[in-house]
Amino acid sequence: MEYETIFHSADLCVVGGGMAGFCAAVAASRHGAKVVLMQERPMLGGNASSEIRMWICGAHGANNRETGILEEIMLENLYRNPALNFHIWDGILLEWAQREENLTLLLNCTCTSCEMSGNRIASVTGWQMTTQTWRKVEAKLFADCSGDSVLAPLSGAKFRVGREARSEFDEDIEPEQADRHTMGLSLLIQAREQSRPCGFTPPGWAYHFTAEQLHHRLPNMEDPMENFWYLELGGMGDSIADTEKIRDELLKTAYGVWDYVKNAPENKEKNKYWQLDFLGILPGKRESRRYEGDLMLNQRQVQAGGVFPDVVAYGGWPMDDHDPMGFHGQAHPNVNHPTPAPYGIPYRCLYSRNVENLLFAGRNISATHAAMSSTRVMGTCAILGQAVGAAAALALQVETSPRGVYETQMDQLQQTLLWDDCFLPGIPRKVSPLALRARLDPAYEPLRRGRDRDRAGEEAGVFLEKGACVEYRLEKPAFVREARVIFDSFLDRELLNRLPLRNMLCNRARNLPEARLPESLVRAYRLEAITAAGERLLLAEDDQSHCRRLCVPVNAEISALRLTCLDTWGAEKCRVFSFDFR
């Protein structure tokens, strides 16, 4: 008996359904590409899923929060999941992927091979373990968002592993000699504080630790950000081939650390109410293969602010380099080398230099080990994914290659990303000429300056009284395709609701308040048009809105466009960053 092969045809095949792959697939499908997303796990989100449970980190600094698709899903999570339950988060990601008409989702499907046609990938094949079928996907373009760069050895795409020599890119934080050492893998712990004392008996095979053995790795249950990230191993070996062995060692280590938390004499009383709630079984990975693109982002370019003509995303996390020795190291488990926030990341880091139709996003982009230690965090990976998805859709529309987009379509790609509410340092969003020519009443000119967030101490947008409206009156009736509004989702909300959280919790203390949407966000609005015939046309209205970006199809000849802001989630006034149309 042979297992059945099921065939799929697509414009774009995305391999890997972490935050980078999820955003790439959604972005491309929204822009009209037929997409297949192949994900080896039963859920989406990768390191951010319920299976691993790492929070989504990104750029530091005021108003540097990543927007676009990532912000949409974060706000949806705050609205529907105030308890910040990881299983509800899984469901939200799944629902968002399934509702995209152009997107076919293949879960539990591991990419095992690819067929080449010259220097192009013709198809990839994956084994779907749940249906016991082979899934073969033929596509025009492929995006590897797998983290491990699974298509690199299969396609012959150039890639690297380990740390570059200091001299190759003049990186003074790198070793004198190149090596194959990487950052390690982690199994995270989550705990819940109960109202009664809770004991813990470790497995017989767990390691036993004393405080003297936990160099710079002493757990602290009083710290709300304690997520045991330093339970890290594998950087001295092969972070792919050794994964099973590393996982076993991590389990022994993690259970031993929790035994220390619960049963060490100095901890037994103060931690008696804490109960183990989750311990990962699949290690979360920081580093493995990195592709080589037309440009390899390095330490010096990051430190110089990433000033490139082809910026399509940005970073702002420090170069957070972890000791390859991981948990067994004697020094501090990581060193943070400062970076500007934000710094630009160029498009040339997102496609292969030798496989013509291969893009990539996530921790596997074309960057040195030093630069990758900053770009690897999931907030950055998500916006890299959105850039790749938009670039793939554009390449398909104009019938060019990923490199061809760089050569001829960069302005179009950047303006597409900006319209989709991505922020690109140093790249202004162009307001449509139609909106610039229209009469704005009241004359709130900041609404059509192309600024969608506060920057460098300068406030953008306007504040409106509840119930107030803003109207564009066109010089003469014109066909309008879509209208766009950006509301204020409080991009400095890291400490929102007295919870020092990213997007999810680490541990659950008693009497922990629920998360909630930012008070500044508009809750109720109405968007209307007046047609050329004088008819009032309701385009959209909502009294439970939780979106920052509102983009509404118009597809009519109109003479006026009116936005009425009715209420917020708590703020006294409604804040609108921009309002325009095209």
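The values are calculated or read from the model by the stated rules, or taken from the named source; none is laboratory data. These numbers were taken from a predicted model, which means no experiment stands behind them. Heads up, the Cβs are rebuilt from the backbone with ideal geometry, glycines too, and the neighbour counts pull from every protein chain shown.
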Among Gly344, Gly362, the single one that is assigned by TED's automatic domain parsing to the domain that holds Leu141, touching a strand residue (DSSP E or B) at 6+ places or on another chain (Cβ under 7 Å), buried (at least 24 other Cβ atoms within 10 Å of the Cβ) and part of a strand (DSSP E or B) is Gly344
inquiry  = Going residue by residue through region 75-87, is there one that turns out to be touching an Asp or Glu at 6+ places or on another chain (Cβ under 6 Å) and under 22 Å from Ala387 (Cα atoms)?
reply    = no
Flagged pairs (Cβ under 6 angstrom, 6 or more apart or on separate chains; first in region 240-262, within 17 Å of Ala191 (Cβ to Cβ); second in a helix (DSSP H, G or I)) are Thr253/Phe327
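Consider region 210-238. How many of its residues are in contact (Cβ under 8 Å) with a residue 60 or more places away in the chain, over 25 Å from Ala509 (Cβ atoms) and out of contact with any Pro (no Cβ under 7 Å at 6 or more places or on another chain)?
The total comes to 3.
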A careful count of residues in region 206-259 that are in contact with a His (Cβ under 7 Å, 6 or more places away or on another chain), over 24 Å from Arg192 (Cα atoms) and surrounded by fewer than 20 Cβ atoms within 10 Å (Cβ to Cβ) gives 1
For this session: Could you check, for region 436-443, whether at least one of its residues is touching a Leu at 6+ places or on another chain (Cβ under 9 Å), of a type in the set (Gly, Ala, Ser) and outside any helix (DSSP H, G or I)?
Result: yes
Checked region 386-435 for anything in a helix (DSSP H, G or I), crowded, with 17+ Cβ neighbours inside 10 Å and over 25 Å from the mean Cα position of the chain (by Cα); matches are Leu434, Ala435
If you go through Arg502, Arg548, the only one that is of a type outside the set (S, T, N, Q), under 28 Å from the mean Cα position of the chain (by Cα), at pLDDT 95 or above and under 21 Å from Cys422 (Cβ atoms) is Arg548
Looking across region 128-149 at residues that are assigned to a loop (DSSP other than H, G, I, E, B) and within 26 Å of the chain's Cα centre (by Cα), the single one that is nearest to Ala393 (Cα to Cα) is Cys145
Scanning region 31-56 for residues that are at pLDDT 95 or above, in contact with a helix residue (DSSP H, G or I) (Cβ under 8 Å, 6 or more places away or on another chain), of a type outside the set (A, V, I, L, M) and at negative phi gives His31, Gln39, Asn47, Ser49, Ser50
Requiring at least 3 residues that are within 30 Å of Gln412 (Cα to Cα), the strands (runs of 3 or more DSSP E) wholly within region 241-333 are 311-315
Note on region 129-144: residues crowded, with 18+ Cβ neighbours inside 10 Å and more than 14 Å from Val36 (Cα to Cα) are Trp134
Say whether the condition of being touching a Phe, Trp or Tyr at 6+ places or on another chain (Cβ under 6 Å) and of a type in the set (Asp, Glu) is met by at least one residue in region 208-216. no
Of the residues in region 45-76 that are part of a helix (DSSP H, G or I) and either in contact with a Pro (Cβ under 9 Å, 6 or more places away or on another chain) or not acidic (Asp, Glu) (or both), the one that is nearest to Leu93 (Cα to Cα) is Ile73
Residue hits (region 44-73; surrounded by 21 or more Cβ atoms within 10 Å (Cβ to Cβ), under 23 Å from Gln190 (Cβ atoms) and of a type outside the set (Lys, Arg)) are Leu44, Gly45, Gly46, Asn47, Ala48, Ser49, Ile52, Met54, Ile56, Gly58, Leu70, Ile73
Ala27: passes all of (1) closer than 30 Å to Arg523 by Cβ; (2) over 18 Å from the mean Cα position of the chain (by Cα) but (2)
The condition of being in contact (Cβ under 8 Å) with a residue 40 or more places away in the chain, acidic (Asp, Glu), in contact with a Leu (Cβ under 9 Å, 6 or more places away or on another chain) and surrounded by fewer than 21 Cβ atoms within 10 Å (Cβ to Cβ) holds, among Glu101, Glu193, only for Glu193
Taking region 436-462 and the residues there that are hydrophobic (A, V, I, L, M, F, W, C) and under 28 Å from Ile383 (Cβ atoms), the one that is surrounded by the fewest Cβ atoms within 10 Å (Cβ to Cβ) would be Ala456
Of (1) in contact (Cβ under 8 Å) with a residue 40 or more places away in the chain; (2) under 21 Å from Asn64 (Cβ atoms), Pro402 satisfies every one except (2)
Considering residues that are at pLDDT 95 or above and crowded, with 18+ Cβ neighbours inside 10 Å, the number found within region 82-91 is 3
